[in-house]
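**Q** Pasting a structure here, questions to come.
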Amino acid sequence: MKISGWRQEKIAIVIFSVLALVTALITGFWSLAFLVWLLIYIVWKILEFKTFYDWYMKGASRRKVPINHGVFEAITCKVISNKNQTKEAQKRNKYLLQQFVTTAQALPFATLLLNQKFEIQWCNHIAQEILGINDTDTNTKIDNIIREPEFVDMLSSGKKDQEIKIAHTKDSDKSIQIRLIKINKDRYLMVARDISAQEALQKSRKAFVANASHELRTPLTVISGYLEMLQTSEQMNADWSVAIDQSKDQANRMSKIIDDMLKLSKIEHDRVIPSEDEKVAMPELINTLFNDIKNGANSRHHIMEAEINSALIIQGDASEITSICLNLMHNALIHTPNGTKIMVSWFEQNGEANFWVEDNGPGIQAQHIPHLTERFYRVDNSKARNHQSTGLGLAIVKHICLKHSARFEVDSELGQGTTFKIIFPKFRTTLQEG
């Protein structure tokens, strides 16, 4: 069994004490005997310390380990052990660093590592193509290369996670999306990608939907006009009146579908080109919408209640948030039978703003819930009131939620009712005082 360094040291002290005692008994000089052996012990330890110090300062080589005893032997062994562990850790770190560099170089977007002064510490190859930055720009402040006012403002704001869009450094017709992520107090990760193709696709889709909607709207307006004339004509045969009324309803529904398609196209386009956020007075907005719907013809046979936190407001696009609130309340009316109770709630929970529309209607089967936000998806096309729905309402809600970083959840159970939930994130939520 290996004896510890300090125990060896105590044994050596005992041995030196015994030798001093024996010398004192032989010579009769007690003080001198103990002093001599004490000096011998001290000189021995000083020589061991100098040997250890010289070895350590020269790199603590394993090939030239000094022969020491006791405490210094234990310290020497510990230094060698720590050095071996450090060497293994350096090997692992070197491997991980190589893997990170290889991965970052393979990414399809520019990746840069910045220090707390926003000086470039490292960048991958594609940063040259997208931002015009290469290895020679190391230790250069990033705002000396990218001088766009929006980018400089983003750096000065000091927020942890931000995203902006700027013009391409080489081609003003192209756009770059930049995201700045704060890793810790001393490091930032900056990611940039060319979104020109995405913007072009979004614009193309928006233009196609707009053109198609325009081409549909023109003949639809003519058809609706003639149907209205036939409805009001006194010469119309009663046998044809039912068919004409149904045709007019379908024409109105097609007009709503066109409006929703245009709205959805605009929302998808604006997700690439963000709109300006504003303070939305949600209590007043929800109260107005709730009263309008409660006093409407569709709600005469429903029980409607509301619980609204009057101090809770959010940041966002007011027209889009109005759209999602109206959609959810309207859906609760047209997809539940007469006598259903509908509860509208606006409250704060865990720092997040919650908008819930809850009903005690028949509920939705579990297999349908993941598909509710798909365009034109309907749970049951045979429902008598389903003709009032365009099938795009929840798709619009989903895209507006994505744009506002909000979560859209649906809880439902057959025979127990359904709850549609929109949860706005903390950074958009404000609870006013007073």
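**Q** If I filter segment 294-323 down to residues being in contact with a helix residue (DSSP H, G or I) (Cβ under 7 Å, 6 or more places away or on another chain) and within 20 Å of G417 (Cα to Cα), which single residue comes out as surrounded by the fewest Cβ atoms within 10 Å (Cβ to Cβ)?
**A** N298
**Q** A follow-up question, please. Among the acidic types (D, E), surrounded by 12 or more Cβ atoms within 10 Å (Cβ to Cβ) and more than 30 Å from K426 (Cβ to Cβ): does that describe E148?
**A** Working: among the acidic types (D, E): yes; surrounded by 12 or more Cβ atoms within 10 Å (Cβ to Cβ): yes; more than 30 Å from K426 (Cβ to Cβ): no.
No: the conditions fail for E148.
**Q** Given the criteria loosely packed, with under 14 Cβ neighbours inside 10 Å, over 30 Å from W122 (Cβ atoms) and without any contact (Cβ under 8 Å) to a residue 60 or more places away in the chain, does L96 qualify?
**A** Details: loosely packed, with under 14 Cβ neighbours inside 10 Å: yes; over 30 Å from W122 (Cβ atoms): no; without any contact (Cβ under 8 Å) to a residue 60 or more places away in the chain: yes.
In short, no.
**Q** Among the residues of segment 46-56, is there at least one that is β-branched (V, I, T) and farther than 24 Å from K185 by Cα?
**A** Going residue by residue through segment 46-56, those that are β-branched (V, I, T) are 46, 51.
Restricting the remaining residues to those that are farther than 24 Å from K185 by Cα gives 46, 51.
Yes, segment 46-56 has at least one match.
**Q** Tell me the residue from Q85, Q99, Q128 that is in the same structural domain as D186 (by TED's automatic domain parsing) and in a helix (DSSP H, G or I), please.
**A** Details: Q85 fails: in the same structural domain as D186 (by TED's automatic domain parsing); Q99 fails: in the same structural domain as D186 (by TED's automatic domain parsing).
The match here is Q128.
**Q** Right, next: Of all residues in segment 180-200 being loosely packed, with under 13 Cβ neighbours inside 10 Å and of a type in the set (A, V, I, L, M, F, W, C), which is farthest from I145 (Cα to Cα)? It would help to see each step written out before you state the result.
**A** From segment 180-200, those loosely packed, with under 13 Cβ neighbours inside 10 Å are 183-186, 197; that's our starting set.
Still in the list and also of a type in the set (A, V, I, L, M, F, W, C): 183, 197.
Numbers: I183: 22, A197: 24 Å.
Across segment 180-200, the extreme among qualifying residues is A197.
**Q** What residue, among those in segment 102-123 that are within 24 Å of the chain's Cα centre (by Cα) and assigned to a helix (DSSP H, G or I), is farthest from I176 (Cα to Cα)?
**A** Checking each candidate, the answer is T103.
**Q** Now for a different question. Taking the criterion of being assigned to a helix (DSSP H, G or I), out of contact with any strand residue (DSSP E or B) (no Cβ under 8 Å at 6 or more places or on another chain), at pLDDT 85 or above and surrounded by fewer than 20 Cβ atoms within 10 Å (Cβ to Cβ), would at least one residue in segment 404-422 satisfy it? Reasoning before the result, please.
**A** Looking only at segment 404-422, we keep the residues that are assigned to a helix (DSSP H, G or I), and these are none.
No: segment 404-422 contains no residue that is assigned to a helix (DSSP H, G or I), out of contact with any strand residue (DSSP E or B) (no Cβ under 8 Å at 6 or more places or on another chain), at pLDDT 85 or above and surrounded by fewer than 20 Cβ atoms within 10 Å (Cβ to Cβ).
**Q** Write out, first by first residue and then by second, each pair whose Cβ atoms fall under 9 Å of each other, whose residues are 6+ apart or on separate chains, and whose first residue, in segment 279-291, is farther than 14 Å from W356 by Cα and surrounded by 16 or more Cβ atoms within 10 Å (Cβ to Cβ) while the second is among the aromatic types (F, W, Y) and at pLDDT 90 or above.
**A** That search, which allows pairs on different chains as well, returns nothing.
**Q** Now for a different question. Checking the condition of a type in the set (G, A, S) and in contact with a Phe, Trp or Tyr (Cβ under 8 Å, 6 or more places away or on another chain), which residue from A332, A311, A318, A281 passes? Let's see the steps before the verdict.
**A** On the way: A311 fails: in contact with a Phe, Trp or Tyr (Cβ under 8 Å, 6 or more places away or on another chain); A318 fails: in contact with a Phe, Trp or Tyr (Cβ under 8 Å, 6 or more places away or on another chain); A281 fails: in contact with a Phe, Trp or Tyr (Cβ under 8 Å, 6 or more places away or on another chain).
Selected residue: A332, the only one of A332, A311, A318, A281 that is of a type in the set (G, A, S) and in contact with a Phe, Trp or Tyr (Cβ under 8 Å, 6 or more places away or on another chain).
**Q** Confirm whether S345 is among the small types (G, A, S), surrounded by fewer than 20 Cβ atoms within 10 Å (Cβ to Cβ) and part of a strand (DSSP E or B).
**A** Values: among the small types (G, A, S): yes; surrounded by fewer than 20 Cβ atoms within 10 Å (Cβ to Cβ): yes; part of a strand (DSSP E or B): yes.
The answer is yes for S345.
**Q** Working only within segment 43-73, note down all residues that are closer than 14 Å to Q8 by Cβ, assigned to a helix (DSSP H, G or I) and modelled with pLDDT under 80.
**A** V71, F72, E73
The values are calculated or read from the model by the stated rules, or taken from the named source; none is laboratory data. Note that the structure is a prediction, hence the values are computed from the model and not measured. All Cβ positions, glycine included, derive from the backbone under ideal geometry; neighbour counts span all protein chains shown.
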